[in-house]
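Following: one structure in structure tokens, then a few remarks.
Read-outs throughout are calculated quantities, based only on the coordinates presented, and are distinct from any laboratory measurement. Bear in mind that the values here come from a model prediction, so they are computed numbers and not experimental data. Quick reminder, even Gly has a Cβ in these numbers, built from the backbone with ideal geometry, and neighbours come from all protein chains shown.
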Amino acid sequence: MGTRTVDETGAGTETETGAGTANANKTGTGFEHDGTAAEAAGSTGGTGTEPGTEEAPGAEEGERAENASGVGQGAAAVVSAALGVVSLTGSWLGTVAAARETLVGQLGTSADAGVATQVKEVYGDAWQTSALWGGLFALTALIVGAVVLARPAFGTPGRTVQAPWTKSVAWAGVSLGVIGLLLAVLKYTDVLLGLPAAG
């Protein structure tokens with residue numbers, strides 16, 4: 001009873017070998033399945049996150065650039081309108097320049113000079129200086145306003161970042177600049193408010 005026959009030994013060996021092979025196949029299959037799943041998950045995760053990561057910064061930078069451009073155009077429009085108002089009402093720079101011209105005229109005119117000469121040197125040149133400075137402010141307002149209105153034409157096609165109030169203020173600056181420049185030219189040439197005739 002303690003001795004095994006050849007048939008029993010062969011059967012036992014075949015059974016153990018078959019079971020080991022089956023276990024090995026199962027183990028290898030499991031490893032292969034897990035590796036394939038991990039690779040699939042990794043490739044799916046990379047594909048899902050990479051486009052979002054690349055597009056988000058570009059969109060944010062574009063929005064920031066548009067906002068900055070809109071803020072700059074609005075500020076320039078306000079500056080244009082302010083310069084137009086200054087060209088009509090006068091500035092401290094024009095006032096100082098006119099007072100200086102008056103002083104120069106007084107110092108350069110002799111006491112025995114004629115009335116017409118004294119009026120021109122003391123008052124006429126000072127008024128022309130005021131008109132000149134007013135014209136410079138008006139011209140600056142006109143140029144700045146025109147640049148603001150023309151800016152969208154030179155920007156990115158299909159993107160309009162200029163607010164309606166920016167256009168309105170820019171048009172106001174252009175209008176005030178044109179009026180101020182016209183009045184300055186008329187005053188400088190003595191067509192408007194010329195010097196009184198000396199008797």
Total charge of the residues flanking Thr109 in space, meaning their Cβ is under 13 Å from its Cβ, with Lys and Arg +1 and Asp and Glu -1, is -3
Mean Cβ-within-10 Å packing, highest first, puts peptides 88-98, 107-117 in the order 88-98, 107-117
Ordering 171-178, 146-153 by per-residue average of other C-beta atoms within 10 angstrom, highest first, gives 171-178, 146-153
A student applying the Cα gyration tensor rule (rounded when a/c is under 1.5; otherwise prolate if a/b is larger than b/c, oblate if not) would label the range 74-166 prolate
